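Here the structure comes first, spelled out in structure tokens, and everything after it is commentary.
All of the numbers you see were taken from the coordinates with simple rules; none came from a lab. Just so it is clear, the model here is predicted, and its values are computed rather than measured. Neighbour counts are summed over all protein chains in view; Cβ atoms, including those assigned to glycine, are modelled from backbone coordinates with ideal geometry.
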Amino acid sequence: MKVLAMIMAGGASEALSVLTATRSEPAIPFGGKYRIIDFTLSNCVNSDIFNVALLTQYMPRSLNEHVGVGKPWDLDRSQGGVRLLQPYVSRGGQASWQRGTADAVRYHLDFVEEQRVNTVLILAGDHVYKMDYRPMLRFHEENKADVTIAVRRVSPFEAYRFGIVTLDAENRVVYFEEKPRRPISNLASMGIYVFRYPVLVDCLTGDEGNARLDFGRDVLPALIKTHRVFAYPFEGYWADIGTLQAYWEANMALLGESPALDLYDPDWVIHTRSEERPPAKIGPRAQVGGNLLSNGCIVEGVVERSVISPGVYISEGAIVRDSIIMNDTWVGPNVVIDRAIIDKEVYIPEGVVIGDSDDNTPNQALPHVLNTGLTVIGKGVHLPSGIRLGRNVVVQPFRRESDFPTLTVESGRTI
């Protein structure tokens, strides 16, 4: 079986607010030193798949710089390796954006044909999980399937966010509905599909195929009626972190005594592009407990149950609790940060309080996204000294001191 992996890595997400204001979702930092795309790329190479295409579109520069030629994943190869594919001006001279996952693959069917493969593995680049794809590929072959969908059980309260499937006794898919308002089950598609190459071409070309824009919404419901579509059950760790709350919870879960996602497993290494930074440094009066501290960070204050990325500096007298702080953020003395997500290169001077008060008013602009008490600060923000930010506050990227009219930002506000 000759396999090409195609990773969907072109999206933004309103539900991730300012985290996707300057980058695509797969490029968001995760777990301190990683980015979300690292998990899918590492799954590929750990599954002996070394022919990988990354389909980009929205704000790709950060992702492109991170992946580069694929060296950290052993994908810098003359045969196979990783290729970054993006939209381009078509033969008719018109440039058009890819309008969905199926449309993105159709854009690059000429590239797929050049690979001379018989199997195409479609993957999402915005999920955090560890999965060996080889058993799924064997399952696909043994069942003589035209398409195989990876599925798993999800919380009934979250089922509306996924494609929901129904199976017969032989694991053949008999029903598929993308993001139903009233799910009939909690067996969800993981956004991982195996296609026989001829089936993929047939379902994306011709008059009918050209109208199909998304695999979940358009392609799979149609194929169930005419082709052999099977479901492969997956029981391992998998997290769709497409909301701020899910992203925060997945990071915090890494701090458990025996986390479901083991980043220290020598048999399944998560590779990433690591910067050359010195070891983490803990000051003589610092207090740390239950954290992930990345290379190059310096902690002089108190840090509890938090994920700290490379190059972060936390001054003496500062207190950080239940938070995610990304690369090269500077935290000054007497700062208090409680339940916050802070993007890269944020300057937090003396006396700032982030996550102030018990007022849990939902964010006025994104009430369905930010309503659990998290405060989110975008990349490159410079806060004024002594400012107090409430709960469910959003600060847009690159705001400066002059953008804050007062030193009190009430819960639920967006700056």
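Using helices alone, I'd like the mean residue ellipticity at 222 nm for the chain: each DSSP H run of four-plus residues gives -39500 (n - 2.57), total over residue count, nearest 500.
Mean residue ellipticity at 222 nm (helix-derived): -4500 deg cm²/dmol.
Cα axis of helix 37-46 to longest principal axis of the chain: angle in degrees, 0 to 90, nearest 10?
Once rounded, the angle reads 50 degrees.
Which angle from 0 to 90°, rounded to the nearest 10, does the C-alpha axis of helix 133-142 make with the longest principal axis of the chain?
20
Give me the percent of DSSP beta bridges within the chain that run antiparallel, rounded to the nearest 5.
30
At a temperature of 10 °C and a viscosity of 1.306 mPa s, determine how fast the chain diffuses translationally according to Stokes-Einstein, using the Kirkwood radius over alpha-carbon pairs as Rh; express D in µm²/s, rounded to the nearest whole number. Could you put the intermediate results ahead of the total?
Values: Rh = 22.5 Å.
Translational diffusion coefficient: 70 µm²/s.
Counting Lys and Arg as +1 and Asp and Glu as -1, each charge on the Cβ, what is the dipole of segment 1-112 about the Cα centre in debye, to the nearest 20?
180
State to the nearest 20 debye the size of the charge dipole of the chain about its Cα centre, where the only charges are +1 on K and R beta carbons and -1 on D and E beta carbons.
520
Scan around Val3 for amide H atoms under 5 Å from its own, H built in the peptide plane at 1.01 Å from N, and keep only partners 5 or more places away or cross-chain.
none
Which residues make up the longest stretch of the chain that has no GluC sites (Glu not before Pro) in a DSSP loop with at most 10 other Cβ atoms within 10 Å?
1-169
Counting only residues 5 or more places away or on other chains, whose amide H sits under 5 Å from the amide H of Phe162 once H atoms are built in the peptide plane?
Lys179
Determine the relative contact order of segment 57-184: mean sequence separation of Cα pairs under 8 Å and six or more apart, normalised by residue count, in whole percent.
11
Any idea how far apart Arg138 and Arg273 come out in nm if each label point goes 7 Å out from Cα toward Cβ?
In this crude label model, Arg138 to Arg273 measures out at 3.5 nm.
Loop-only trypsin sites (Lys or Arg not before Pro) in segment 377-411, please: DSSP not H, G, I, E or B, and at most 16 other Cβ atoms within 10 Å.
Passing sites in segment 377-411 are Arg400.
Count neighbours as other Cβ atoms within 10 Å of each site's Cβ, and list the chymotrypsin sites (Phe, Trp or Tyr not before Pro) in segment 140-194 that are DSSP loop with at most 14 such neighbours.
Phe157
How far apart, in nm, are two points set 7 Å out from the Cα along the Cα-to-Cβ line at Ala211 and at Gln79?
4.3
Whose amide H sits under 5 Å from the amide H of Leu85, counting only residues 5 or more places off or on another chain, with H placed in the peptide plane?
Correct list: Leu54, Leu55, Thr56.
Which value, to two decimals, describes the C-alpha radius of gyration of segment 279-415 once divided by 2.2 N^0.38 Å?
Taking the Cα Rg and dividing by 2.2 N^0.38 Å, one obtains 0.97.
If I model a spin label as a point 7 Å beyond the Cα along the Cα-Cβ vector, how far apart are those points for Asp110 and Asn360 in nm?
Modelled inter-label distance: 5.5 nm.
Test of understanding: what is the full-extension gain from Lys71 to Ser185, defined as 0.36 nm times their sequence separation minus their Cα-Cα distance?
Result for the pair: 36.9 nm of gain on full extension.
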